[in-house]
Every structure is written in structure tokens, then in C-alpha cells.
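The values are calculated or read from the model by the stated rules, or taken from the named source; none is laboratory data. Note that the coordinates shown come from a computational prediction; the quantities given were computed from them, not determined experimentally. Using ideal geometry, Cβ is built from the backbone for each residue, glycine included, and neighbour counts are taken over all protein chains shown.
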Amino acid sequence: MTKTYEEINDRIRKGKAVVLTAEEVSEMARTMSPKEILDKVDVVTTATFGAMCSSGAFLNFGHATPPIRMERIELNGVPVSGGLAAVDTFVGATDCNTANPTYGGAHIIENLIDGKEIVLEAWGKGTDCYPRKHIKTRISLDTINEAIMCNPRNSYQNYNVAVNTSDRILYTYMGTLLPHLRNASYSSAGELSPLLNDPECRTIGLGTHIFLCGAQGYVVWNGTQFNCSKPLNDYKVPMGNARTLALMGDMREMSTEFMRGAYFEKYGVTMYVGVGVPIPILDEDLAARVSIRNSQIETFIEDYGDECKLKGKVNYEQLRSGEIEFMGKKIHTAPLSSLAKARQIADVLKQWIENGKFELTAPVRPMPVGTSLKGLEEKEV
């Protein structure tokens, strides 16, 4: 038995689709076979909510009178890109003003989505067609043209656990790591995470319809640092930071309930992004994949206090217990991502599909295969 996207969407339009969250289907799999799950379930919703630094937004301010070719731009005092034609910019989530490193691009995006005004100041050299050299004004989503969230790398398939064996505190993108293995930090929704439920991206590709920060968005490409070469465990789950997604959506439809600007002490600004991806249960293989449990999902333990060496492995059931044993010590574990928020996103997406407000799309381009990462080679200049 197999199903098609057309058959599942027809059931969605008729209000007959059976939709479960990934956690619900994982529990079902304790007593049911993949064949039985395929027969009973049409769609499984997956989700994650975590810090995703490689995020941002394209904005178009519109032209003033007289017009200006904006070559240097600041939003609420934060320098952003001035290299996109006359009145366009890209706000990177980690953009910041070094004089105020706790506020940055992610907070600007959050402020705009929240309906607040921000200060735009821009400078240009002045030209015959753009004679103005300076402008300072206030803007909001109501006063500008396009506001498009565009995130080059989101929703990591898996990620290493961070520990610290050194004798000093380390401030990292994995949070504050205490010395002498006094804590372990991880960031994944585990069995609820999108790319762990479809690890080979059979149903996720260019054009996949998703939940993005409270809006309906799309997968627009493979994410940067898309890595298919990570080792697999016994359950064919990639270990460590493997595949990623590039995502896009309309900021005007988003909610700050599902995205937030954040600051990690002595590291910098980041953006918490809520992502939900529906997995159509097309065949028994996909039914088996979405049945994965935390005890079957493993990742590496990475020592940030010793040149980021990989020194062990652990599964998400152990991580979720609040304590792991490593190098002869019991270590407190804590997530950087929010499981509660990921569950909320999976439930919202489930409701959208059940209510006929969200249909599935087949990828128009599959994700790459056989990819690996290159390091930055340093050459004499």
C-alpha cells in the first residue's frame, strides 16, 4: 500500500485526514507496525524551536522624496546591509552595534513583527538620480513594502552535545559551559524534530509547505552547511550536525509567540525560530521513520574545552532525563531549545491541516545527496 500527495490533500479538503504529531505516532509505534500506521495515519507534524543564528530578513523601505541611494544603513542604531540597490536591505539576525552588543538584527525583526516602530537612518554619496545624502525617519511593517524572512540555515537535523573539560567558563553559541564537566548543553527537539523524522529528505525539498514563526512558509533550498556524510547509528539516524533547511516566509503573517531575538552572554545575538514541517505518510518506510523515539536518536558529545574534540555519544532519552554519565561523572543536562514550544507548533500545524487550512506540497527539487563540508583554507596573501 502507498499513498500520494493528491490523495492526502483530497482527504484534507474533505476533513477526513488523520493527523498526528511525531510524539503521538512514536507512542503509537510501540504497539503498531509501520504497515498499520500507514493504513491509519495520513500526516505527521514535526517541529522545533531553537536558536538559529543563520536567519534574517529582506526589507524594502520604499523611496523618499527626494530619493536616496542607501549605501550605509542603520536600524535602531544597528548597521545592516547597504549593498542591495537603493532602498533594500538584508537584516542578519546576528547584526549588532558593538557599542550595544545585546541588541541586534534578531531584535529588529522581532520588533517589526510585534508591530513596533524602529528608527531608520541611512547615508548615500548623492547622485543625479538619487540626490539625497541622508535620511532619518521611523518605519514599521505598516509603512514599508516587502518584509520577507529568509533564513539560509535553519532546523539542523541533529547537533552535538556541548561540554567543557577545561578549568574556565566558556561562553558559546551552545550557551555558558561550566568548567570541569559541570553541565552539558544540547539543542534539538529529538523525536519531534523535522529532519530526524525524514532523515533522507524524501518529502522535504524545494517548495515544501511549512509552518514558519506562526506563518505559512516554504523550504526554498537546502540550508547552508548541508552535510550528508555524517555517520549513521543503528537506526539510520545521522549523528551530529548534518542536514539543514533554507526557509522563507512573510513577516506580516508571523507572530512573536513563535520567534524571539535573544542574546547569549559574551557570545552575541541570535534568533529563536519556530519551524513546523508536515511529513506525509506515503509508504511503510516513512511510517517507520516517523516512529523514531528519543532512545533511538544519538548524537556526539563535543568537548569545547579541548579543541571541540568528539569524546563520546549519548541518546536523547538520556539527555531529557536531566543527567548523563560521562568520563566517570554525572553531568546535569539542559536544552537550549524549547520542547514545550515545539510541541505547541506541532499542535498548531496539526490543527491547520485538520481544519483544511494547510495542504501539503511535493518538492519540486529534491535535496542534494553525497554532500560534505569544506573547511576554510588559509592562503598567504
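Things worth noting here:
- Restricting attention to segment 141-174, the residues that are assigned to a loop (DSSP other than H, G, I, E, B) and either farther than 28 Å from Gly62 by Cα or among the small types (Gly, Ala, Ser) (or both) total 14.
- All positions within segment 93-116 that are touching a Pro at 6+ places or on another chain (Cβ under 9 Å) and modelled with pLDDT under 95: Asn97
- Test result for Thr176, farther than 27 Å from Ile353 by Cβ, of a type in the set (S, T, N, Q), touching a residue at least 24 places away in the same chain (Cβ under 8 Å) and in the same structural domain as Ala162 (by TED's automatic domain parsing): yes
- Residue selection: Thr48 fails the criterion of being free of Cβ contacts under 8 Å to residues at least 40 places away in the same chain and among the β-branched types (Val, Ile, Thr).
For every residue, the table says whether it meets (1) in contact with a helix residue (DSSP H, G or I) (Cβ under 9 Å, 6 or more places away or on another chain); (2) in a helix (DSSP H, G or I).
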position: Lys236; (1), (2): yes, no
position: Ala242; (1), (2): yes, no
position: Ala246; (1), (2): no, no
position: Ser255; (1), (2): yes, no
position: Lys266; (1), (2): no, no
position: Leu286; (1), (2): yes, yes
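- Checking every residue in segment 265-280 against the condition of being within 30 Å of Glu146 (Cα to Cα), in the same structural domain as Asn315 (by TED's automatic domain parsing) and more than 17 Å from the chain's Cα centre (by Cα) gives at least one match.
- The listed residues are Val163, Val119, and the only one of them that is modelled with pLDDT of 95 or more, of a type in the set (A, V, I, L, M) and closer than 20 Å to Ala106 by Cβ turns out to be Val119.
- Single residue of Gly115, Gly104, Gly56 found to be without any contact (Cβ under 8 Å) to a residue 60 or more places away in the chain, touching an Asp or Glu at 6+ places or on another chain (Cβ under 9 Å) and small (Gly, Ala, Ser): Gly115
- The residues in segment 10-28 that are buried (at least 21 other Cβ atoms within 10 Å of the Cβ) and either in a helix (DSSP H, G or I) or not assigned by TED's automatic domain parsing to the domain that holds Ala346 (or both) can be counted, and the count is 5.
- Sole residue being assigned by TED's automatic domain parsing to the domain that holds Pro194, crowded, with 19+ Cβ neighbours inside 10 Å and modelled with pLDDT of 95 or more, chosen from Thr48, Thr31: Thr48
- Being closer than 23 Å to Leu141 by Cα, assigned by TED's automatic domain parsing to the domain that holds Ala346 and of a type in the set (Phe, Trp, Tyr) holds for only one residue in Tyr218, Tyr235, and it is Tyr218.
- Within segment 61-91, tally of residues that are part of a loop (DSSP other than H, G, I, E, B), charged (D, E, K, R) and either within 14 Å of Gly104 (Cβ to Cβ) or touching a strand residue (DSSP E or B) at 6+ places or on another chain (Cβ under 7 Å) (or both): 1
- Evaluation of Lys136 against (1) assigned by TED's automatic domain parsing to the domain that holds Phe90; (2) in a helix (DSSP H, G or I) (one fails), failing number: (2)
One line per residue, one yes/no per condition, for (1) among the β-branched types (Val, Ile, Thr); (2) surrounded by fewer than 20 Cβ atoms within 10 Å (Cβ to Cβ); (3) free of Cβ contacts under 8 Å to residues at least 60 places away in the same chain; (4) over 28 Å from Leu170 (Cβ atoms):
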| position | (1), (2), (3), (4) |
| --- | --- |
| Cys228 | no, yes, no, yes |
| Leu232 | no, yes, yes, yes |
| Arg243 | no, no, no, no |
| Leu247 | no, no, no, yes |
| Asp250 | no, yes, no, yes |
| Glu253 | no, yes, yes, yes |
| Glu257 | no, yes, yes, yes |
| Tyr263 | no, yes, no, no |
| Gly268 | no, yes, no, no |
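- Segment 111-140, residues that are of a type in the set (Ser, Thr, Tyr) and closer than 18 Å to Ala57 by Cα: Ser140
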